[in-house]
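Remarks on the structure that follows.
No lab work stands behind these numbers, since they all come straight from the coordinates. Keep in mind it's a predicted model, so treat the numbers as computed, not measured. Every residue, glycine as well, gets a Cβ built from its backbone with ideal geometry; the counts of neighbours run over all protein chains shown.
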Amino acid sequence: MTRIRWLPGLTLAVVGATAGYGVHLLLPGLPWLTAALILGVLAGSIPPLRHTLDGALAPGLALAGRRLLRLGIVVLGLKLSLVDIARLGWVAILAIVVLVAASFGITWLVCRLFHLEGDQAVLMAAGFSICGVSAVGAMAAARRSRETDTGTPITLVTLYGTLAIVVLPALASLLRLDNRQFGHWVGASVHDVGQVVATAQTAGAVALAVAVVVKLTRVLMLAPIVAIASIQTRRRDSAADASLDATPDVSLDASSAASSAASSKRPPIVPLFILGFVAAVLVRSLIPLPDALLASADVVQSALLATALFGIGASLRLEQLARSGLRALAAGLVSWVATLGLGLAVVFLS
């Protein structure tokens, strides 16, 4: 019976991801994941479909947007080799770590200054500083964020990451960056891995190779930052439990029930999918894997994330995004410009 509940929505998400790939083939400049998200948002914007999307299809769309997103993050680890990162040198690695920390802090501060609601500030900080949609999903899972808080960050990291495909090559010519410098800049500042590839390949193989290694070094920061977020969530829940324990006896039964529910939902110190991500990184680093296997894993990862993004997009409501409106767009723009500036500084300093 459970399978019947989620199967229709999951099937729609798979069809949407497949359609997104078709759009990508027709418009190669539009990344597959971006196309899948756009199609999902369009589906969710059709009034006659909303009742079905929020009803019979909701369980499957939720499964796609959560579990498949996490599986995609695990498979993403197979892209990352510690050997490739070591070749960057300790100065470049340290600069990237500082870049991620600085861009995370600046983005969080900017979003707070623009008064974004709920967990949107920390989710955007993760997405802009680490790896776009994957980081937003991972951080949302660690913090147990509300679904309404994830829509705006995912939309903004997709929007500005896609703009980078057009903007950065034009800026690179004005700044007179060589191919290696351009690749380094792209890897240090563009959000999703797919957007990095789409942007860097405009300058050739050298730029693409550098961009991917630098980007995946940023991706490695996903594990410690999500672990820290999970620890903070546990502390928050513990504080809530302590507060409930201190309530008067009149509400003891309700408080105890709420406390028990919060404890049962308390996230692990390191989420299971992050452990899977780290394990995949170690496998890629320690075991020689055939190129065909890695190519297949890349397709699987993209398919999982595209299906997840369609599910997330179909669950979004544009009128909800409009509540943040210009404030969210402005916060994203300021954060994006700051991240580009920090990435350019890393290029010249390392």
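Numbers for the structure displayed
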{"quantity": "Residue with peak Gaussian network fluctuation, the chain [Cα springs, cutoff 10 Å], from ILE228, ILE38, ILE165", "calculated": "ILE228"}
{"quantity": "Gaussian network model of the chain, Cα within-10 Å springs - most flexible of LEU293, LEU309, LEU220", "calculated": "LEU293"}
{"quantity": "Separation of the LEU26 and ASP178 label points, Cα + 7 Å toward Cβ, nm", "calculated": "4.2 nm"}
{"quantity": "By average C-beta atoms within 10 angstrom, highest first, the peptides 61-73, 120-132, 174-186", "calculated": "120-132, 61-73, 174-186"}
{"quantity": "Net charge over other residues, Cβ less than 9 angstrom from the Cβ of LEU123 (K, R count +1; D, E count -1)", "calculated": "-1"}
{"quantity": "In degrees, nearest ten, helix 147-175 long axis to first principal axis of the chain (Cα)", "calculated": "10 degrees"}
{"quantity": "Gap separating the Cα centres of segment 119-137 and segment 139-169, nearest whole Å", "calculated": "6 Å"}
{"quantity": "Max mean-square fluctuation residue, GNM over the chain, Cα-Cα springs under 10 Å, options SER145, SER302, SER238", "calculated": "SER238"}
{"quantity": "Within-15-Å neighbourhood charge of PHE182 [Cβ basis; K, R +1; D, E -1]", "calculated": "+2"}
{"quantity": "Gain upon complete extension [GLU147, VAL166; 0.36 nm per residue less C-alpha separation]", "calculated": "3.8 nm"}
{"quantity": "Lys, Arg +1 and Asp, Glu -1 on Cβ, resulting dipole of segment 1-155 about Cα centre, debye, nearest 20", "calculated": "360 debye"}
{"quantity": "Value at 222 nm in deg cm²/dmol, rounded to 500, when DSSP H runs of n ≥ 4 in the chain each add -39,500 (n - 2.57)", "calculated": "-26500 deg cm²/dmol"}
{"quantity": "Whole-angstrom Cα spans of the chain along principal axes, big to small", "calculated": "70, 46, 44"}
{"quantity": "Label-point separation in nm, ALA295 to THR18, each point 7 Å along Cα→Cβ", "calculated": "2.3 nm"}
